[in-house]
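The values are calculated or read from the model by the stated rules, or taken from the named source; none is laboratory data. Remember, it's a predicted structure, so these values are computed and weren't measured experimentally. All Cβ positions, even for glycine, are placed from backbone atoms using ideal geometry, and neighbour counts span all protein chains on display.
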Amino acid sequence: MSDAWIKLYYKNVMADVIGAEHGISNSVLDDLADKTVPLIGELNEGRAAYRELPYNEDYPSAVKAVAGDVRGACENFVVLGIGGSALGNIALQTALNPYMYNLDEGQRYGGPRLFVFDNVDPVQAASFLDWIGDKLENTVFNVISKSGRTAETAAQFLVIRELLEKRLGAEKAKRQIIATTDANEGTMRKIADDAGYRTLVVPDGVGGRFSVLSPVGLLSAAVCGIDIDGLLAGARAMDKVVSSTDFYANPAGLNAAINFHYYNVGKPISVMMPYAYGLKDLSDWYRQLWAESLGKTKDVSGKDVFVGPTPVKALGTTDQHSQVQLYREGPNDKLFTFLQVKDFGCDVEIGPAPDCAPELGYLAGTKMSKLLNSEKLATEYALLKDKRPCLSVMFDKVCGETIGQFIYLYEVTTSIAGRLFAINAYDQPAVELGKEATFALMGREDFKEMAEEITPKMQIDEKFLV
Ligand code: PA5
């Protein structure tokens, strides 16, 4: 296990830095500590199923066995899934494999290309099917769905299954599909058992957005050469830290409490802004975790509360030239969380300035890492000048361990925030309604009544079409 670590830096939310109106005083933070510590204790006692994933030995060994068969034996690995069955896979790949990984024609990285399909856009799908059509023999599909009834994943799967069976025959097709699904029940389990697909398990009691450290996220990572043992070791190490009932030593407790506080004092928007391209899809993963877990109508007692901070993703430096004008001068209604990396593991030196442009000389001979991290500090400094609260998650470096730490830190932060908001962080009734309305609109017999209700309401009224 490497000793690389991540830390939460919270000085720049304090009143001493951004003033009493927008900053948090020591006494307010102490009050937040009093409120949060008992909740950490409760979460330690009734540990959610996702918290045990880093300790489970069966899942990684099953994943490694399948990955061992697949890794050298195919050129393309395609994940079919959506939401919690896709975002973690994408985040791990972007963070831990090279930017040009999929264009590795010389097979320098030793694994297949990875594609994660998390949509049903016909233009995207047609383009992909056109490309993959003559490569099916060298392509393995991992369909991930706990329920198997999610329309998008089911539709993708039905397209691929038909294609494989037509082109390769049923027997060969079955070797090209791996299903990750519930151990015992659901549509996908039924299909997989019936067809004889290889399967991996979506663990019981682990919702999609908390499942990245299970076979859901681990298989595509292992197939593409990512150190899944490092990920799990990082998560285990973070578990120790975020279980602490010493509030000031617990980054998940502090993070949840600070976010909760700002939500309640008129800053309901949480912007996550990595200053590392590799971390950009982690903020997409965080966005789902935060939004689906914390956006709720009712609290645990059934009272209407309509809570939920709005997560926003941005990328440094790209979005400095897109969002920062708003972030500095627009409403002071946001809490910023930067992700900052100390050691990028490689660097690029900037070339000399031409004689005619001596004003670019300050860049010559310096490193891109210095420029990127200077821009992070510069943006944070500018936001602080305008009294905008800023947190930073500081990565020693980006590796399996630190990504595992980050994932676990944010999962536990979300659980604690759920307790602070007194809502159920683990359900998603609003998403379920959308799924059912889709069944209705797509003509599922058992949703006929719902279709009758929806159809007239959703018909275009020409009066309002201009
Ligand atoms: O976090 C969640 O629970 C959701 O995003 C699900 O992962 C998503 O809706 C896909 O569900 P399923 O795995 O059942 O196809």
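Summary table below
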| quantity | calculated |
| --- | --- |
| Qualifying residue in the range 94-105 (condition: within 16 Å of the ligand (Cβ to nearest atom) and closer than 23 Å to ASP281 by Cα) | no |
| Scope the range 129-174; condition hydrophobic (A, V, I, L, M, F, W, C) and closer than 23 Å to GLY72 by Cβ; matching residues | TRP131, ILE132, LEU136, VAL140, PHE141, VAL143, ILE144, ILE160, LEU164, LEU168, ALA173 |
| Residue in the range 241-250 that is surrounded by fewer than 22 Cβ atoms within 10 Å (Cβ to Cβ) and of a type in the set (Val, Ile, Thr) present | yes |
| Odd one out for SER369, checked against (1) in contact (Cβ under 8 Å) with a residue 40 or more places away in the chain; (2) within 25 Å of the chain's Cα centre (by Cα) | (1) |
| Sole exception among (1) modelled with pLDDT of 95 or more; (2) more than 16 Å from the ligand (Cβ to nearest atom); (3) part of a helix (DSSP H, G or I) for VAL140, by number | (3) |
| Exclusive hit being within 16 Å of the ligand (Cβ to nearest atom), among the aromatic types (Phe, Trp, Tyr) and either closer than 19 Å to THR438 by Cβ or not assigned by TED's automatic domain parsing to the domain that holds TYR286 (or both), set PHE115, PHE128, PHE157, PHE77 | PHE157 |
| Condition met for LYS190 (over 30 Å from LEU377 (Cα atoms) and out of contact with any Ser or Thr (no Cβ under 9 Å at 6 or more places or on another chain)) | yes |
| Near pairs, Cβ below 6 angstrom, 6+ apart or cross-chain, from the range 404-423 (without any contact (Cβ under 8 Å) to a residue 12 or more places away in the chain) to any residue that is crowded, with 24+ Cβ neighbours inside 10 Å | none |
| Qualifying residue in the range 168-187 (condition: in contact (Cβ under 8 Å) with a residue 60 or more places away in the chain, buried (at least 21 other Cβ atoms within 10 Å of the Cβ), within 16 Å of the ligand (Cβ to nearest atom) and not in a strand (DSSP E or B)) | no |
